[in-house]
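*Asks:* I am attaching a structure below and will ask some questions about it afterwards.
Derivation of every value follows stated rules applied to the coordinates shown; laboratory data play no part. These numbers were taken from a predicted model, which means no experiment stands behind them.
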Amino acid sequence: MRAIVVGATGAVGRDLVEALCADPRYTEVRTFTRRELGVDDPKLRPYVVDFERTEGWHDLVQGDVIFSALGTSKKQAGSKEAQYHIDHDYQLMFATFAKQNGVRHMVLVSSAGADTGSSFFYMKLKGVIERDVEALGFAGLTIVQPPSLIRKHAKRPLQALNAIGLFKSMAPISTEIVAQCMAEAGGEPFEGVRRISKQAIRRFAESK
């Protein structure tokens, strides 16, 4: 299988690239980033592109499955408008190119609690992304909805509470487990729309 990865420089994206390169089901991993990825693997085909100027590279968004782990925060982006542009517009752009180029399956990282009707900007944004990607009509769409993420070498204050069973359904999940769940989801035949949410992500990744 040929994989396409958007958001490969982020925490989940980096772990996903590693998982895909190690998985024998994937023969090629194309990444589209705005800066050098800094990863060397024989399966990897990295493309550094200008997301605002798509001429000359949009037809390269080809493969069997596209993975999108693209996302940012308001603090990193500088404003809600900039965050929306990155989280929604860029992801929808890549999804549209992939659909036009014949990609059948998309695996999208969203968030637990995503809801177009939410009064919280982030949750509403994620809900809108899910809705608009689903409207493109991929043969298969897998939406992964993690709670908060545990990045490598990071400690979260809720981990102690989760260890004794409090807030169990919203226990943070490591970026490695989310990435493994995505790789597994993309590597199996699937048609339709499914959401893998909260702790089901851990079970999905570990049961395969």
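*Asks:* Averaged over every viewing direction, what's the projected area of the C-alpha convex hull for the range 78-142? Give it in nm², one decimal, please.
*Replies:* So the Cα hull casts an average projection of 4.3 nm².
*Asks:* Which whole-number percentage describes the relative contact order of the range 1-74, with Cα contacts under 8 Å and a sequence gap of 6 or more?
*Replies:* 44
*Asks:* Starting from 0 in steps of 5 Å, tell me what percent of the Cα-Cα pairs of the range 1-134 lands in each bin.
*Replies:* The distribution over the range 1-134 is 2, 11, 20, 24, 21, 13, 7, 2, 0, 0, given as percents.
*Asks:* Separate question: Can you tell me, using C-alpha contacts under 8 Å and at least 6 residues apart, the relative contact order of the chain as a whole percent?
*Replies:* This gives 20 percent for the chain.
*Asks:* Before rounding to the nearest 500, sum -39500 (n - 2.57) across all DSSP H runs of length at least 4 in the chain and divide by the residue total; then give [θ] at 222 nm in deg cm²/dmol.
*Replies:* -9500 deg cm²/dmol
*Asks:* Hey, which of these cross-link pairs are over 21 Å Cα-Cα: Lys75/Lys124; Lys75/Lys168; Lys74/Lys168; Lys80/Lys124; Lys80/Lys126?
*Replies:* Beyond 21 Å between Cα atoms: Lys75/Lys168; Lys74/Lys168.
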